[in-house]
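What follows draws every value from the coordinates through simple rules; no lab data is involved. Please read these numbers as outputs of a predicted model, since none were measured by experiment. Here the Cβ is made from the backbone with ideal geometry for all residues, glycine too, and neighbour counts use every protein chain on show.
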Amino acid sequence: MAPYHVMLVHFPIALWTVAALVIVLRTFSDGKLARAADAVLTPLLFVGMVTGAAAFAVGLLVWPTEAATSSPLARNHILLAGWSLAYWTVLWVTRWRGGERVWQGLWRWVMLGLAALGVGLQTITGTLGGYLAGNPSIVSEIVRRLGWEVFTTFYLPNWVLAAVVISAVALAALGMVGARARN
Ligand code: HEM
């Protein structure tokens, strides 16, 4: 399945990269071109999510599960692939449900921040995939200088996990209160 995985991953990577460029353009411009590009953002993100999910599923079939889950590098690739897919899916839902409002006030900067995070995650995902396919790149050196050695399993201390869960619940509650106040 390796050739199919390598062929499929081009779709989400290309679509998410174009989506990020559209977000940068729309963040800094209210002009005609930026609005026209933004009009295709929701479909771009949707197709990115579908092809990303397909690439993820086929990726799981490249190696036997025991092999993929025994290698720290492959585990890191799966983790980062999951995050990339989740982040870009959240961005799709945000743009789809939020409509034009996502470009008003502070919101546009949140969109820019989410897109930057998504690009960072997909870059590291691709870099780790490159190692698995025998195509190393210097991106891992950048990550190493930031404090993470990609050949060791990425982990978070328990207190960070607890903080993440508490923040997620708090943000969801805040969103519900906000939605109720608006209606
Ligand atoms: C959004 C999901 C994913 C993306 C964007 C992605 C991206 C990539 C990229 C860019 C490569 C390198 C291709 C090359 O340099 O020729 C790669 C290789 C690889 N990926 Fe993924 N990947 C994803 C999910 C997964 C998952 C879930 C697995 C499960 C273990 C996986 C396993 C592999 C393997 C084994 C290779 C090496 C293939 C080979 O030997 O040619 N990938 N991936």
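Counting each pair of different Cα atoms once, what's the Kirkwood radius of segment 81-183 in Å, rounded to one decimal? Present the calculation step by step, with values, prior to reporting the outcome.
Values: mean 1/r = 0.0616 Å⁻¹.
About 16.2 Å, per the Kirkwood formula over Cα pairs.
The Cα-based radius of gyration and maximum Cα-Cα distance (Dmax) for segment 18-100 are 16.2, 52 Å.
Quick check: net charge around residue 29, other residues with Cβ under 11 Å of its Cβ, Lys/Arg +1 and Asp/Glu -1?
Working: positive: 26, 32, 35, 108; negative: 30, 38.
Charge balance near residue 29 sits at +2.
Sorted ascending by nearby beta carbons within 10 Å, beginning with the fewest, 77, 10, 5 become 10, 5, 77.
Ordered by packing density, taken as the mean number of other Cβ atoms within 10 Å over each peptide's residues, highest first, how do 43-52, 142-151 rank?
43-52, 142-151
Put in order of Cβ neighbour count within 10 Å, fewest first, the listed residues 40, 22, 90, 58 become 40, 90, 58, 22. Within the listed set 167, 140, 84, the Gaussian network model of the chain (springs between alpha-carbon atoms below 10 Å) gives the highest mean-square fluctuation for 167. Pairs of Cα atoms nearer than 8 Å and 6+ residues apart set the relative contact order; for the chain it is 23 percent.
Converting phi to 3J(HN,Hα) with the Karplus coefficients 6.51, -1.76 and 1.60 and the offset θ = phi - 60°, segment 129-136 yields x, x, 4, 5, 8, x, 10, x Hz in sequence order, with x at every glycine or proline. Which angle from 0 to 90°, rounded to the nearest 10, does the C-alpha axis of helix 41-59 make with the longest principal axis of the chain? Approximately 20 degrees, to the nearest ten. Ranked from largest, the principal axis spans of the Cα set of the chain equal 51, 40, 30 Å. Backbone geometry of segment 142-152 corresponds, through the Karplus equation with coefficients 6.51, -1.76 and 1.60 at θ = phi - 60°, to 3J(HN,Hα) couplings of 4, 4, 4, 5, 7, x, 10, 8, 5, 7, 10 Hz, x marking Gly and Pro. Applying 1/(1 + (r/R0)^6) with r as the Cβ-Cβ distance of residue 66 and residue 141 and R0 = 25 angstrom yields a FRET efficiency of 0.25. Calculated mean residue ellipticity, 222 nm, the chain: -27000 deg cm²/dmol, from DSSP H runs (n ≥ 4) at -39500 (n - 2.57) each, averaged per residue and rounded to 500.
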